[in-house]
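Below: the structure, in structure tokens.
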Amino acid sequence: MNPSKLRFLVDVGVGKGIEKYLSEKGYDTKAVRDIDPGMEDKMIIRTAVSEDRMVVTMDKDFGEMVYHFSMKHFGILLLRLEGATGTKKLQVIRYILENYSSQIRNCFCVFKNDRLRIRKTK
């Protein structure tokens, strides 16, 4: 496996379409829904860290865990796409990976209002 290749842990609210897309594009992808759909956010981050994975989520609580509680992570991609269709989510993920895949590892990233903010947290 290419060590620079992103690996993902996809939170339940993101959707199966994103999970499938990432896998089809050759990314090592795991879905929280397949591990434990009721997994708590802190355990999601811990699982991702133990496997060197970036969390893809729509849950704003991850920002609090990273910034207020200084939880270690290998990257969080927070999609602020409330009410978005699966098609819109796919367009956003495709856009992010085509344009920013080399920049998002180990960062806290927020996609909102058609913009991606990338913040180094380490």
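Only the coordinates and a few stated rules stand behind these numbers; no lab work does. Just so it is clear, the model here is predicted, and its values are computed rather than measured. Using ideal geometry, Cβ is built from the backbone for each residue, glycine included, and neighbour counts are taken over all protein chains shown.
List of remarks:
- Local electrostatic count, residue 93, Cβ distance below 14 Å [Lys/Arg +1, Asp/Glu -1]: +2
- Total formal charge among the other residues, if their Cβ is under 12 angstrom from that of residue 17, Lys/Arg +1 and Asp/Glu -1: +3
- Take every DSSP beta bridge whose two residues both sit in the chain; close to 30 percent of them are antiparallel.
- Net charge over other residues, Cβ less than 13 angstrom from the Cβ of residue 34 (K, R count +1; D, E count -1): +1
- Estimated 222 nm signal from helices in the chain, with DSSP H stretches of n ≥ 4 weighted -39500 (n - 2.57), rounded to 500: -10500 deg cm²/dmol
- Radius of gyration and maximum dimension Dmax of segment 1-72, Cα, Å: 12.0, 35
- For the chain, lysine pairs with C-alpha atoms less than 15 angstrom apart, excluding pairs fewer than eight positions apart on the same chain, total 16.
- Long-range Cα-Cα pairs in the chain (distance over 19 Å), rounded percent: 40 percent
- With both labels modelled 7 Å from their Cα along Cα-to-Cβ, the residue 84 to residue 36 distance reads 2.8 nm.
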